[in-house]
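Data first, discussion second: the structure below is written as structure tokens.
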There are 2 protein chains.
Amino acid sequence: MNWMPDRNAKKAIYKQLAEFIEAGIADGTFPHDKPLPSERLLAKEYNLNRSTVVSAYDELESNGLIQRKRGSGTTINKDIWGITKKRIPSWNRYIEAGSILPNLPITQKIRKEVAEQKLINLASGELSEDLFPRDSLRGIGTNRSFVGSLGYDHPQGNVILRNTIAKHVIHDRKIEGTDASSILITSGAQQALHLVVQCLLKPGDAVAIENPSYSYSLPIFKSSGIRTYHLPVDKNGINPDDLVSLYKKHKIRMIFLNPSFQNPTGTSLSESRRKAILDISSEYGIPIVEDDPYSLTSFRGDEVNTLKSLDPHGNVLYISSLSKIVASGLRIGWIIGPNAVIERLTDAKQQIDFGHSSFTQWIANDFLDSEEFPAHINRLIVQLKKRRDQITKSLKYFLGDQVDFYVPEGGIHIWCKLRKEINEMKLLEESIKRGIIYVPGTTMGSEKGYVRFTYARENEENIHEGIKRFADAVQAAQE
Amino acid sequence: MNWMPDRNAKKAIYKQLAEFIEAGIADGTFPHDKPLPSERLLAKEYNLNRSTVVSAYDELESNGLIQRKRGSGTTINKDIWGITKKRIPSWNRYIEAGSILPNLPITQKIRKEVAEQKLINLASGELSEDLFPRDSLRGIGTNRSFVGSLGYDHPQGNVILRNTIAKHVIHDRKIEGTDASSILITSGAQQALHLVVQCLLKPGDAVAIENPSYSYSLPIFKSSGIRTYHLPVDKNGINPDDLVSLYKKHKIRMIFLNPSFQNPTGTSLSESRRKAILDISSEYGIPIVEDDPYSLTSFRGDEVNTLKSLDPHGNVLYISSLSKIVASGLRIGWIIGPNAVIERLTDAKQQIDFGHSSFTQWIANDFLDSEEFPAHINRLIVQLKKRRDQITKSLKYFLGDQVDFYVPEGGIHIWCKLRKEINEMKLLEESIKRGIIYVPGTTMGSEKGYVRFTYARENEENIHEGIKRFADAVQAAQE
């Protein structure tokens, strides 16, 4: 039995031993009609602690593979291997495998709490139902008949919708030169980000992300073996000098930025920094991935110059979606880039999900191409601004001397620093207990003591009540 | 300049050299204001053929990085590095990276030809538009108002739809014990397959797939570093003994089967083999992934016992979809399995695309839950059978003494062996020239001399004409 534990592996030794024994049962190394070696014997043979062997046998017993009885030693379970010979696959071991890593436990917890409880939800990064253009979207379904194909559409996305998006980004986002061939329709911005990482980067590559950022919370980089380096965000976004020094140290292969009303800080990269970053991108040939869900929501009414609109050289891959401005349930996002890149990503999307539903592309197209779209955006901005005003007012009222925050001028998030040190998990527990939930800052990569509130998901009354309860939780967590 | 070519790498030496020079330009190893080393000098310094250096400089020149002029040697391009200092990222190098490998060139070619030309399409594995229940689906959109949420739905899929699918698979596919918690809604069966591979297997794992099979054509296994071993398919499906010997040799971790009206052979795994394979799965603890797009389309009217319906131990992950029986443009598929597995896959789907569009889930639910669904399936079977009859008749008529095939008793594919040896690429070219397209067998893993025809995509007249043209192409390719 030529086996040795791998003492450098991440997997605990007892687990390695349990797997070795399980494999040995399967391949007949350990015959089904004979007792398994005693704990003492195994410990001696493989130079292990007795307690390690006990743990391995515990594991096999709880999986129903073996039985332990005083006097008769350890035997292979007859229910499984005896007359019936039935056994189920060890699903738990399969679940632990796989290249896509699970979400962070705290992200899973927040999602679970939101789904199962009636909480004031300042955690989910989305609009409330009443901010969606429900009547317009329903009207499209009801009044106009769907005449498109019910078969597989073009894997790059429906060409009518791509033309409408091209018109939209040229007109509303000043991204000149876009046409249908330079756009891929994705299932929200999320899928676009995944395609970029999985198609254009390889294990070991270094990338720069903002800190804090939504990117930080994504397991995709680690799943793909990408090294991430952080660019601190201040009230004018990241500092271009930081990018240069990161590049020189780590050969950064790509930069991921959310330059307008950033998630989670609500800040925007200043115009001069935008230009400086594009210059650096050109100088070193580093592509930029611009994630832009919010630039249409400026509260001051000024038009935002997206990085892509300032980029004549094609350095920027531009990602946006209808999720944060129309309806997340449509699952319509897109990425704009050089044709060769779009073709590569399209081929991968075809493999992954065989392209996008023709129905929702049709509804998205009809709405985006209508006069209802700009009217809707104007209404949305008014409502978001009211909620922004409410949350800043409530924060000052209930926590005036205990928090610091930037006032966001667009988007849906506000980022708060708690002045006193508070146990992050305790604060979250106390908040959930009081019926309010938010996102703890560390899931976005910050140090402890920060929280992200999303003010788009609840109305003003609930925002006020939510911050009141949060203030109580802060109190309780300090006790 | 401490560089050496890696002569064991897959990448051509000239490409390695070009990348080294490009990096050296970026980091200043090669100053922008000085000529680059001569070809002769580089060849000598790195012990390379002169022609390798020439190819490297050709590559850099075609990317616009360098200029070569008689007399003044090779210089770094001033347009890029001189006064403007502007440079675009080397997108071509990014496109070559990435863990998701591109589709096979021949698959890309077929897709391109189908999209660009008006061909008789016996290649695409889908129904023709007139086989979709267009009126019913449109009626749902027009007559009933969408009252669901426009926000993010449950990442596992809308719970109403999951309940309807549970009812459907219990009733129509005899899969007892299914409920909403054991189902994940996916973007077609394709996404379900990808999630299984990416979440439950790890690089180096061995899996068994049918040969020929649709699985063979998927780059996902290679992209994920999975080793695939083949189980030959005869007219009763795979042979259980083959599975045992593969398992003993290679420690197979998972089996991928399409047991009913298989793509591409049209054959079905016999009942006795189904049971034998389930026994083997239990004996060795190997999970089975059952891909079942077609089992509802039996032409003989007998109900098919899915593997999942014969599996009391939870060994089978069951994948199906509405793509091949209702409308592929809905992008509604699902996977059924143990709750722990479904939860793991759901977490990954949430990361990848944030769940499925609420609109199409609503339409799918209303149709699947209506009396129109069974009536539609009955009509579909009648039409598919007519087309199956047509293609077998046409094959006998035009190619009677030149081909062998099994007559499929369900599904949408027929698999033909050409008796004489014919150059596969030439036959495809001659066919496309004559306006007919199909899938060459080797893309599905078979040896040369096989072709797959899909008879669901064209009406009987076109099928007849298509096979006539194919017979001409066979003639021409032999000359």
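The values are calculated or read from the model by the stated rules, or taken from the named source; none is laboratory data. All of these numbers come straight from a predicted model, not from anything done at the bench. Here the Cβ is made from the backbone with ideal geometry for all residues, glycine too, and neighbour counts use every protein chain on show.
Just one of the numbered conditions (1) surrounded by fewer than 18 Cβ atoms within 10 Å (Cβ to Cβ); (2) touching a Phe, Trp or Tyr at 6+ places or on another chain (Cβ under 7 Å) is not true of B:Pro312; which one?
Among (1) surrounded by fewer than 18 Cβ atoms within 10 Å (Cβ to Cβ); (2) touching a Phe, Trp or Tyr at 6+ places or on another chain (Cβ under 7 Å), the lone unmet condition for B:Pro312 is (2).
Checking B:Asn462 against (1) out of contact with any Phe, Trp or Tyr (no Cβ under 6 Å at 6 or more places or on another chain); (2) farther than 27 Å from B:Arg331 by Cβ; (3) in a helix (DSSP H, G or I), which test does it fail?
(2)
Give A:Arg331, A:Arg274 a once-over and let me know the one that is in the same structural domain as A:Leu200 (by TED's automatic domain parsing) and at positive phi.
A:Arg331
Does any residue in the stretch B:302-313 that is assigned by TED's automatic domain parsing to the domain that holds B:Pro259 come within less than 6 Å, Cβ to Cβ, of a residue that is surrounded by 13 or more Cβ atoms within 10 Å (Cβ to Cβ) and of a type in the set (Gly, Ala, Ser) six or more places away or on a different chain, and which pairs are these?
B:Val304/B:Ser260; B:Val304/B:Ser295; B:Val304/B:Ser298; B:Thr306/B:Ser295; B:His313/B:Ser282
I'd like the residue in the stretch B:391-423 that is of a type in the set (Gly, Ala, Ser) and farther than 22 Å from B:Ser298 by Cβ and, out of all such residues, is modelled with the lowest pLDDT.
If we take residues in the stretch B:391-423 being of a type in the set (Gly, Ala, Ser) and farther than 22 Å from B:Ser298 by Cβ, then B:Gly400 is modelled with the lowest pLDDT.
Which of the residues belonging to the stretch A:141-172 are in contact with a strand residue (DSSP E or B) (Cβ under 8 Å, 6 or more places away or on another chain) and not hydrophobic (A, V, I, L, M, F, W, C)?
Hits for the stretch A:141-172 are A:Gln156, A:Gly157, A:Asn158, A:Arg162.
Does A:Leu101 qualify as being touching a Gly at 6+ places or on another chain (Cβ under 6 Å) and at pLDDT 85 or above?
no
Give the stretch A:305-347 a look and list any residue that's charged (D, E, K, R) and more than 10 Å from chain B (Cβ to nearest Cβ), or say none.
Within the stretch A:305-347, the first condition is being charged (D, E, K, R), and the residues that meet it are A:308, A:311, A:324, A:331, A:343-344, A:347.
The answer is A:Lys308, A:Lys324.
Quick one: what pairs do we get from the stretch A:221-234, first residue over 27 Å from A:Lys417 (Cβ atoms), second in a strand (DSSP E or B), C-beta under 8 Å, 6+ apart or different chains?
Within 8 Å, the pairs are A:Ile226/A:Ala206; A:Ile226/A:Val207; A:Arg227/A:Ala206; A:Arg227/A:Val207.
Pick from B:Tyr152, B:Tyr229: which is among the hydroxyl-bearing types (Ser, Thr, Tyr), in the same structural domain as B:Asp311 (by TED's automatic domain parsing) and under 30 Å from B:Val407 (Cβ atoms)? Spell out how you get there, then give the answer.
Details: B:Tyr152 fails: under 30 Å from B:Val407 (Cβ atoms).
Going through B:Tyr152, B:Tyr229 in turn, just one is among the hydroxyl-bearing types (Ser, Thr, Tyr), in the same structural domain as B:Asp311 (by TED's automatic domain parsing) and under 30 Å from B:Val407 (Cβ atoms): B:Tyr229.
Can you say whether B:Tyr14 is at pLDDT 85 or above, of a type in the set (Phe, Trp, Tyr) and under 36 Å from the mean Cα position of the chain (by Cα), as far as the supplied structure shows?
Considered against the rule, which asks whether it is at pLDDT 85 or above, of a type in the set (Phe, Trp, Tyr) and under 36 Å from the mean Cα position of the chain (by Cα), B:Tyr14 comes out as yes.
So for the stretch B:141-154 (the condition being β-branched (Val, Ile, Thr), out of contact with any Leu (no Cβ under 6 Å at 6 or more places or on another chain) and in contact (Cβ under 8 Å) with a residue 60 or more places away in the chain), does at least one residue qualify?
no
Only one of B:Ser145, B:Ser187 is surrounded by fewer than 16 Cβ atoms within 10 Å (Cβ to Cβ) and hydroxyl-bearing (Ser, Thr, Tyr). Can you tell me which? If you could, list the steps in order and put the result at the bottom.
Details: B:Ser187 fails: surrounded by fewer than 16 Cβ atoms within 10 Å (Cβ to Cβ).
B:Ser145 is the lone residue from the list that is surrounded by fewer than 16 Cβ atoms within 10 Å (Cβ to Cβ) and hydroxyl-bearing (Ser, Thr, Tyr).
Residues being at the interface with chain B (Cβ under 7 Å from one of its Cβ atoms) and touching an Asp or Glu at 6+ places or on another chain (Cβ under 6 Å): count how many of those fall in the stretch A:348-372.
Total satisfying the criteria: 1.
Within the stretch A:140-157, can you find the residues that are more than 7 Å from chain B (Cβ to nearest Cβ) and either within 24 Å of the chain's Cα centre (by Cα) or aromatic (Phe, Trp, Tyr) (or both)?
Correct list: A:Pro155, A:Gln156, A:Gly157.
Looking at A:Met444, A:Met425, which one is touching a Pro at 6+ places or on another chain (Cβ under 7 Å) and not acidic (Asp, Glu)? Spell out the reasoning first.
Numbers: A:Met425 fails: touching a Pro at 6+ places or on another chain (Cβ under 7 Å).
Residue meeting the stated conditions: A:Met444.
Take the stretch A:444-455 and flag every residue that is surrounded by fewer than 22 Cβ atoms within 10 Å (Cβ to Cβ) and in contact (Cβ under 8 Å) with a residue 40 or more places away in the chain. Break it down into steps so the answer makes sense when it comes.
To start, the set of residues in the stretch A:444-455 that are surrounded by fewer than 22 Cβ atoms within 10 Å (Cβ to Cβ) comprises A:445, A:447-449.
Result: A:Gly445, single match.
Can you tell me which residue in the stretch B:241-295 is nearest to A:Asn92 (Cα to Cα), limited to those that are among the charged types (D, E, K, R) and under 23 Å from the mean Cα position of the chain (by Cα)? Don't jump to the end; show me each part of the working.
Within the stretch B:241-295, the first condition is being among the charged types (D, E, K, R), and the residues that meet it are B:241-242, B:248-249, B:251, B:253, B:271, B:273-275, B:279, B:283, B:290-292.
Checking which are under 23 Å from the mean Cα position of the chain (by Cα) leaves us with B:253, B:290-292.
Numbers: B:Arg253: 13, B:Glu290: 19, B:Asp291: 22, B:Asp292: 25 Å.
Of everything passing the filter in the stretch B:241-295, B:Arg253 is nearest to A:Asn92 (Cα to Cα).
For the stretch A:108-124: of the residues being more than 26 Å from B:Ser224 (Cα to Cα) and in a helix (DSSP H, G or I), which is farthest from the other protein chains (Cβ to nearest Cβ)?
A:Glu113
Residues that are of a type outside the set (Lys, Arg), within 30 Å of A:His464 (Cβ to Cβ) and touching a residue at least 24 places away in the same chain (Cβ under 8 Å): list the helices (runs of 4 or more DSSP H) wholly contained in the stretch A:325-415 that include at least 3 such residues.
Where helices (runs of 4 or more DSSP H) fall fully within the stretch A:325-415 and carry at least 3 residues being of a type outside the set (Lys, Arg), within 30 Å of A:His464 (Cβ to Cβ) and touching a residue at least 24 places away in the same chain (Cβ under 8 Å), they are A:372-399.
Against the condition under 21 Å from B:Asp130 (Cα atoms), of a type in the set (A, V, I, L, M, F, W, C), buried (at least 22 other Cβ atoms within 10 Å of the Cβ) and assigned by TED's automatic domain parsing to the domain that holds B:Leu380, how does B:Phe470 come out, does it pass?
On the way: under 21 Å from B:Asp130 (Cα atoms): no; of a type in the set (A, V, I, L, M, F, W, C): yes; buried (at least 22 other Cβ atoms within 10 Å of the Cβ): yes; assigned by TED's automatic domain parsing to the domain that holds B:Leu380: yes.
So B:Phe470 fails the test.
Among the listed residues B:Leu137, B:Leu127, B:Leu161, identify the single one that is outside any helix (DSSP H, G or I), within 28 Å of the chain's Cα centre (by Cα) and either within 12 Å of chain A (Cβ to nearest Cβ) or closer than 30 Å to A:Leu131 by Cα (or both).
B:Leu127
Would it be correct to say that A:Ala375 is within 14 Å of chain B (Cβ to nearest Cβ), surrounded by fewer than 19 Cβ atoms within 10 Å (Cβ to Cβ), of a type in the set (A, V, I, L, M, F, W, C) and over 29 Å from B:Ser323 (Cβ atoms)? If you could, list the steps in order and put the result at the bottom.
Working: within 14 Å of chain B (Cβ to nearest Cβ): no; surrounded by fewer than 19 Cβ atoms within 10 Å (Cβ to Cβ): yes; of a type in the set (A, V, I, L, M, F, W, C): yes; over 29 Å from B:Ser323 (Cβ atoms): yes.
In short, no.
Of all the residues that make up the stretch B:164-189, how many are on the phi > 0 side of the Ramachandran plot and in a helix (DSSP H, G or I)?
Count: 1.
Just checking, how many residues over the stretch A:257-286 are within 11 Å of A:Ala208 (Cα to Cα) and within 14 Å of another protein chain (Cβ to nearest Cβ)?
The qualifying residues number 1.
Could you check how many residues of the stretch B:173-206 are over 24 Å from B:Val326 (Cβ atoms) and within 12 Å of another protein chain (Cβ to nearest Cβ)?
Here the count works out to 9.
Could you list, in sequence order, all residues of the stretch A:287-304 that are farther than 19 Å from A:Leu368 by Cα and either within 14 Å of another protein chain (Cβ to nearest Cβ) or not in a loop (DSSP other than H, G, I, E, B) (or both)?
A:Pro287, A:Ile288, A:Val289, A:Glu290, A:Asp291
Tell me, which residue of the stretch A:200-250 that is outside any strand (DSSP E or B) and in contact with a Phe, Trp or Tyr (Cβ under 6 Å, 6 or more places away or on another chain) is surrounded by the fewest Cβ atoms within 10 Å (Cβ to Cβ)?
So the residue we want is A:Lys235.
So if I check each of B:Ala123, B:Ala115, which one is closer than 20 Å to B:Ser321 by Cβ and of a type in the set (A, V, I, L, M, F, W, C)?
Numbers: B:Ala115 fails: closer than 20 Å to B:Ser321 by Cβ.
Among B:Ala123, B:Ala115, only B:Ala123 is closer than 20 Å to B:Ser321 by Cβ and of a type in the set (A, V, I, L, M, F, W, C).
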